[in-house]
Amino acid sequence: MNGPGPIAPGRYSHDLLLHDCDDDLVAATRAFVELGLASGGQVLVHSSQERVAMLREALGSHPRLDYGLDRDLYLAPTTTLFAYERKLATDPSEMWVTGTVPLGEDPAGHAAWIRYESMVTEVLGHLAFHALCTYDTRALPASTIAAAKAAHPGLSSGGDRTSSSADYLEPADFLAHPLAGVPQPPQTQPSVVETAYSLHDVRRIRHLMASTAESASAVSRDAVEGFIIAAHEVMTNALRHGGAPVEVEVWVETSKLACTVTDAGPGIPDTVSGYRRPVGTGSTGLWVARQLCEEVLISNQPGGGCRVFLTSA
């Protein structure tokens, strides 16, 4: 496949760098940073403490070049994603970001961050944002590398893309693929099972969720409040845009809250709806829910209806 050419300032790019030695990482990072600085944009290099120290020594300083640590910048996938979106919504400067995502040592936890990588295109793809995500093939399993290829539109050597990613999947398609590792609702008995036929029922279920969480969970008050607001928005959406009856199941655990909201409508054509900031008079319910939860996953059910699965932040 022919490469798509150099990264174009003023547009969007989200590329994957696979490297197996520090020299290749430094060379590709330097090329990307130089391109970002030449564009007049703001550049951020982030990673672990050891890797940032190595890159800072190699790249030096510049008024528009910042360095950061993953442990400070990448607290959770959803939090990180919308932090970038808010910054770009308020700051017109072109943004260039290169580094790692904190996948962690347990491969079982990689999926949430790879889903973040895919959703970067959905949330920021219309903005002047450039990312070069660096993956060390010496340390990561083949399954994580395969998922990363599916989540990034381009493969890169830094300033020049070597190719479009033949394995790339659009965000909605990625979420439907096993590589995304999309979590499923708990298999245990729900703490709350209710049916909503009207907005009056939504208010009643919301109060029941709050009292159950308060009595049976150690989740922080802010996280509980955010989760319940999100569930309220999703239930309201289900009644207005899907159709009654709306079935609600809630799991209240010590460290996590989860909920499914399933309507009786025809389904939703866009299963990544609500990631982009609403404009004009557009619906804000799903966008609000995504700001407040760790996961908001939408799927159309085989027998009809739309199911939204939420987990607390």
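If packing is taken as the average number of other Cβ atoms within 10 Å across a peptide's residues, how do 21-27, 11-17 rank, most packed first?
On the way: 21-27: 15.4, 11-17: 21.4.
So the order, starting with the most tightly packed, is 11-17, 21-27.
Considering only protein heavy atoms and a 1.4 Å probe, what is the carbon-and-sulfur percentage of the accessible area of the chain? Don't skip to the end; give the middle numbers.
On the way: 7500 of 14550 Å².
Within the chain, the accessible surface is 52 percent carbon and sulfur.
Pairs of alpha-carbon atoms within less than 8 angstrom and 6+ residues apart define the contacts here; what relative contact order does the chain have, in percent? Kindly include the intermediate steps, with their values, before the conclusion.
Details: 597 pairs, mean separation 55.8, N = 313.
Relative contact order, the chain: 18 percent.
Just from its helices, what would the mean residue ellipticity at 222 nm be for the chain, if runs of 4 or more DSSP H residues each count -39500 (n - 2.57) and the sum is divided by every residue, rounded to the nearest 500 deg cm²/dmol? All intermediate terms of the calculation are to be shown ahead of the outcome.
On the way: 10 runs with 119 residues, N = 313.
Rounded to the nearest 500, it is -12000 deg cm²/dmol.
With +1 on each Lys and Arg Cβ and -1 on each Asp and Glu Cβ, how big is the dipole of the chain about its Cα centre, in debye rounded to the nearest 20? The partial results should precede the final answer.
Details: 22 positive and 36 negative charges, 148 e Å.
Using only the charged Cβ atoms, the result is roughly 700 debye.
Quick check: pseudo-label points 7 Å beyond the Cα along Cα→Cβ at S198 and S220, how many nm apart are they?
3.8
Have a look at L69, S48, V224 and report the one farthest towards the positive end of the charge dipole of the chain, computed about the Cα centre with Cβ charges (Lys/Arg +1, Asp/Glu -1).
V224
So what is the accessible area of region 152-294 per residue, in Å², with the probe set to 1.4 Å? Intermediate values should be presented prior to the final figure.
On the way: 7220 Å² over 143 residues.
Dividing the accessible area of region 152-294 by its residue count gives 50 Å².
What FRET efficiency do you get for R240 and R11 if R0 is 41 Å and r is their Cβ-Cβ distance, rounded to the nearest 0.05?
Numbers: r = 36 Å, r/R0 = 0.88.
Given R0 = 41 Å and the Cβ-Cβ separation, E is 0.70.
Which angle from 0 to 90°, rounded to the nearest 10, does the C-alpha axis of helix 22-38 make with the longest principal axis of the chain?
Approximately 90 degrees, to the nearest ten.
Ranked highest first by average number of other Cβ atoms within 10 Å, how do 231-240, 252-261, 183-192 line up? Don't skip to the answer; put the middle values down first.
On the way: 231-240: 23.2, 252-261: 20.1, 183-192: 13.2.
Highest-to-lowest ranking by the protection proxy: 231-240, 252-261, 183-192.
Out of all DSSP beta bridges with both ends in the chain, state the antiparallel percent to the nearest 5.
Numbers: 27 of 51 bridges.
Roughly 55 percent of the DSSP beta bridges within the chain come out antiparallel.
Please list 131-140, 104-113, 147-156 highest first by mean number of surrounding beta-carbon atoms within 10 Å per residue.
Sorting 131-140, 104-113, 147-156 by mean packing, highest first, produces 147-156, 131-140, 104-113.
Each label point is 7 Å from the Cα along the Cα-to-Cβ direction; what then is the distance between the points at E50 and A172, in nm?
The two pseudo-label positions are separated by 4.3 nm.
Starting from the Cα of S211, step 7 Å along the direction of its Cβ; do the same at A83; then give the gap between the two resulting points in nm.
Placing both labels 7 Å along Cα→Cβ, they lie 3.8 nm apart.
The values are calculated or read from the model by the stated rules, or taken from the named source; none is laboratory data. It should be emphasised that the depicted structure is a prediction, and the values quoted were computed from it without experimental measurement. Quick reminder, even Gly has a Cβ in these numbers, built from the backbone with ideal geometry, and neighbours come from all protein chains shown. Surface areas here come from the heavy atoms of the whole protein model, side chains and all, with no ligands, DNA or RNA. Shrake-Rupley method; radii C 1.70, N 1.55, O 1.52, S 1.80 Å.
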